[in-house]
Amino acid sequence: MSGVPATGVAVTDKATRERLAAAVEFALAEAKQSGATAAEAGANISQGLAVTVRLGEVETVEHTRDKGLGLTVYFGQRTGSASTTDISPEALRDTVRAACAIAKHTAEDDCAGLADPARLATHFPDLGLHYPWHPDMSQAIELARAAETAARETDARITNSEGASLSTHEGLEVYGNTHGFLGSQASTRHSLSLSVIAQDQAGMQRDYWYSVARDPERLESPQTVGHEAARRTLRRLGSRQLSTRECPVLFEAPIASSLLSHFISAVRGSSLYRQASFLLDSLGKPLFADFVHLHEQPHLKGALGSAAFDGEGVATQARDLVRGGVLQGYVLDSYSARKLKMTTTGNAGGVHNLTLDPGPESLDLGQLLKRLHTGLLVTELIGFGVNIVTGDYSRGAAGFWVENGEIRYPVEEITIAGNLRQMFRQLLAAGSDVDTRGNLRCGSILIENMTVAGN
């Protein structure tokens, strides 16, 4: 977002990086001196600004600045963890003593321990994650106000606002362990969001829009955010209920990524070794149609999920989770990998830019509506009625009824239900309208058949 000069002080300068690295190394050395057979520590510092404007008036202004260090020590197979917001030598010694005291009272766990030294990152590419931006308070307020004004001026039916918010965040993380690994990463994340209310004789509706990026220059303008929030809200006026039926369901891209999150929950190591997943023993088995390609891209420049190493220092790498519809791998950290007698996949802390490629037809939303023909376009999900143990899926929803490939009218107060295993198998198309505003990246997703419960 151009036109806003940088002010303030970065928390990611060389001196700060050296200070955090020294704190990590000091804590690790103290842990070893205290008798720990191994240890790992992560230190971080961050700062940010968040402002919210509602109906042109400032509601909140929040400056944040946080600092801390977390430490885990290992006495053989016993572990203990402690943390502190004070990284002075004496505070770090107290933190080490606390972690060691805890470890001496815990049960042995033969899967506990640091990541395999051979898997630790040795290459640290510049992933374009750090774009400091420090607008002063008045400028941040004006940007939020401009987004709200743009929405309110779009149409007289925009009668109220839940507020526009601008936030900036800059942080530095340093991780080290007694295998000799020490890595750091500076990053930024900035966002502009808005939620408004429209009203006509039929009632009121609300919707929202937001833009998020590491580089403020890549944020959508306040006018774009405002107009899109208004457009999405106005199109919901006159919403109706549906009668209960079964039909195809098209998940719009901004919410379709929730289906990927359920898939990740089911193939995550912690769910698997606890026998708490409907996808137990699914490795090498077809779960989706053969066109489905789901993969991690951890080294994408400037992406929100990019990282050179995971939370244990393990090098990240591009890899397929699903290829040709077949499950190729799980999502594992070192602990869950040992539980399953497997190898870490570099996912301590989660996946990295998990991407669902568009299907071979590369259909945009309009073309997907034609493919849907007659059915439900879902644009909002409500609640969390998802059971990862059984795969049962039931969530409140709102969206649009579609006939002959054309949107006919908005709908609300409905529930969509099915089973995730069946839904994955009935994934008919993945759109080219990929939403890149998060760590899970996909376009709209068309499911062949679900139950829609209404009147």
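Taking other residues whose beta carbon is less than 9 angstrom from the beta carbon of R78, and scoring Lys, Arg as +1 and Asp, Glu as -1, yields -1.
Mean separation of Cα pairs under 8 Å and 6 or more residues apart, divided by the residue count, gives region 14-234 a relative contact order of 22 percent.
Would you mind getting me the FRET efficiency between R323 and L365? Use the beta-carbon distance for r and R0 = 25 Å, nearest 0.05. Result of the calculation: an efficiency of 0.45.
Given the pairs K301/K339; K32/K301; K14/K104; K14/K339; K285/K341; K32/K67, which span a C-alpha to C-alpha distance of over 30 angstrom in this model?
Check vs 30 Å cut-off fails for K301/K339; K32/K301; K14/K104; K14/K339.
Across region 392-402, rounded Karplus estimates of 3J(HN,Hα) from the backbone phi angles (6.51 cos²θ - 1.76 cosθ + 1.60, θ = phi - 60°) give 5, 10, 7, 9, x, 8, 9, x, 9, 8, 10 Hz, Gly and Pro being marked x. Report the local net charge at L272: Lys and Arg +1, Asp and Glu -1, summed over other residues whose C-beta lies under 10 Å from its C-beta. After counting each charged neighbour, the total is +2. By the helix-only formula, in which each DSSP H run with n ≥ 4 contributes -39500 (n - 2.57) and the sum is divided by residues, the chain has a 222 nm mean residue ellipticity of -7000 deg cm²/dmol.
Relative contact order of the chain: what whole-number percent is it, with Cα pairs under 8 angstrom and at least 6 residues apart? Relative contact order of the chain: 15 percent.
Can you pull the percent of Cα pairs in region 245-453 with separation above 30 Å? The share of Cα pairs beyond 30 Å in region 245-453 comes to 21 percent. Here the Karplus relation 6.51 cos²θ - 1.76 cosθ + 1.60, evaluated at θ = phi - 60°, turns the backbone of region 419-427 into coupling constants of 10, 4, 4, 5, 4, 4, 5, 9, 6 Hz, with x for every Gly and Pro.
The P(r) of region 304-388 has a tail past 22 Å containing 51 percent of all C-alpha pairs.
Take the Cα of S138, step 7 Å toward its Cβ, do the same at E108, and the gap between the two points is 6.7 nm. Taking other C-beta atoms within 10 Å as the exposure proxy, I447, I45, I197 rank I197, I45, I447 from fewest upward. Here the chain carries DSSP beta bridges of which approximately 95% are antiparallel, counting only pairs with both residues inside. Residue exposure proxy: D155, D310, ordered by other Cβ atoms within 10 angstrom of their Cβ from fewest to most, comes out as D155, D310. Can you check what the net charge comes to around R240, using other residues whose Cβ is under 12 Å from the Cβ of R240 (Lys, Arg +1; Asp, Glu -1)? Its environment carries a net charge of 0.
Neighbour counting of Cβ atoms within 10 Å sorts the residues E220, E406, fewest neighbours leading, into E406, E220. Relative to the globular-protein estimate of 2.2 N^0.38 Å, the Cα radius of gyration of region 112-226 stands at 1.56. Applying D = kT/(6 pi eta Rh) to the chain, where Rh is the Kirkwood radius over alpha-carbon pairs, T corresponds to 4 °C and eta to 1.567 mPa s, the Stokes-Einstein value obtained is 53 µm²/s. One Cα centroid belongs to region 415-455, the other to region 208-284; the line between them spans 9 Å. Across region 14-234, the fraction of Cα-Cα pairs farther apart than 22 Å, rounded to a whole number, is 62%.
Rounded to the nearest Hz, the phi-derived 3J(HN,Hα) couplings of region 16-22 under the Karplus curve 6.51 cos²θ - 1.76 cosθ + 1.60 (θ = phi - 60°) are 5, 4, 5, 5, 5, 4, 5, where x marks glycine and proline.
Summarised as an ellipsoid, region 340-455 has semi-axes of 27, 19, 13 Å, derived from the eigenvalues of the Cα gyration tensor scaled by 5 and square-rooted, with the largest first.
No lab work stands behind these numbers, since they all come straight from the coordinates. Since we're looking at a predicted model, the values are computed, not measured. Neighbour counts are summed over all protein chains in view; Cβ atoms, including those assigned to glycine, are modelled from backbone coordinates with ideal geometry.
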